[in-house]
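Contents: one structure, followed by commentary.
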Amino acid sequence: DVVDAVFTDVRRMRGWVDSIEVQATRLARRLRPTGESGAAEQPHISRGGRSTAGARAAADRSDICDQMPLFEQALSGGDVTTDHLDAVARAVKGLSLDARRAFTQRQDDLLRHARTESVDTFARRCRDTARAIASQLDARAEADRLTRQRRNSKVRQWLDQSTGMGHTHIELDPERHAALVAELDARVASRRQSDGSSDM
């Protein structure tokens, strides 16, 4: 019981200290344009004794807290740890702006899980959530693209006055184009078979 109590207290103290580090990182970033501070990672290296990778991770945590302020509050109270923030940062890395925005809008649900799940379980949840959001947005973008293509589909026909030949120019979305080509191929094949000819 004593050991459990010590680790609980350590977690709370560490969360409080980590939340102060997040605020200090945010301040360093704000001071950078004025020349009063270098890159947000620099104080972690020069004053905090962090490695370059550790400093970058600390800066990423600050970004996550900016986008998901409920996690910063939970961190200061010891309800979540920097490992939870790192799991979020890894999950959203590489996401498009829209996907990242959709992910951060789920902070209430994600925080609820972060409070009760192990870091490893929560990290998997974050990865799965990020993939699902990216997949949904990709599917939506593809559907919108297909709608635009269908709207822009057209057929032009004209007669060449010099040759007397008729021309047909067809622009279709990929789905209807594939269906048309398949239908034409089937009709040509059927015609060849019935005529016993390979000239068509």
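At a glance:
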| item | result |
| --- | --- |
| Evaluation of residue 64 against (1) β-branched (Val, Ile, Thr); (2) under 24 Å from residue 39 (Cα atoms); (3) at pLDDT 95 or above (one fails), failing number | (3) |
| Cross-chain or 6+ apart pairs with Cβ under 8 Å, region 155-168 first and part of a loop (DSSP other than H, G, I, E, B), then open to solvent by less than 100 Å² (accessible area, probe 1.4 Å) | 160/166; 160/167 |
| Qualifying residue in region 92-107 (condition: assigned to a helix (DSSP H, G or I), in contact with a Ser or Thr (Cβ under 7 Å, 6 or more places away or on another chain) and over 21 Å from residue 30 (Cα atoms)) | yes |
| Residue within region 56-75 that is part of a loop (DSSP other than H, G, I, E, B) and either touching a Leu at 6+ places or on another chain (Cβ under 7 Å) or under 25 Å from residue 12 (Cα atoms) (or both) present | yes |
| Counted residues, region 160-179 - those being closer than 17 Å to residue 147 by Cα and open to solvent by 80 Å² or more (accessible area, probe 1.4 Å) | 3 |
| Members of region 76-105 that are within 13 Å of the chain's Cα centre (by Cα) and crowded, with 16+ Cβ neighbours inside 10 Å | 88, 89, 91, 92, 95, 99, 100, 102, 103, 104 |
| Qualifying positions in region 58-75 - open to solvent by less than 40 Å² (accessible area, probe 1.4 Å) and under 22 Å from residue 97 (Cβ atoms) | 59, 61, 62, 64, 65, 68, 71, 72 |
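The values are calculated or read from the model by the stated rules, or taken from the named source; none is laboratory data. Because the structure is predicted, anything quoted here is derived from the model rather than measured. Note that each Cβ is placed from the backbone with ideal geometry, even for glycine, and that neighbours are counted across all protein chains shown. The protein model used for the area step is the full one, side chains on, heavy atoms only, and it has no ligands, DNA or RNA in it. Shrake-Rupley method; radii C 1.70, N 1.55, O 1.52, S 1.80 Å.
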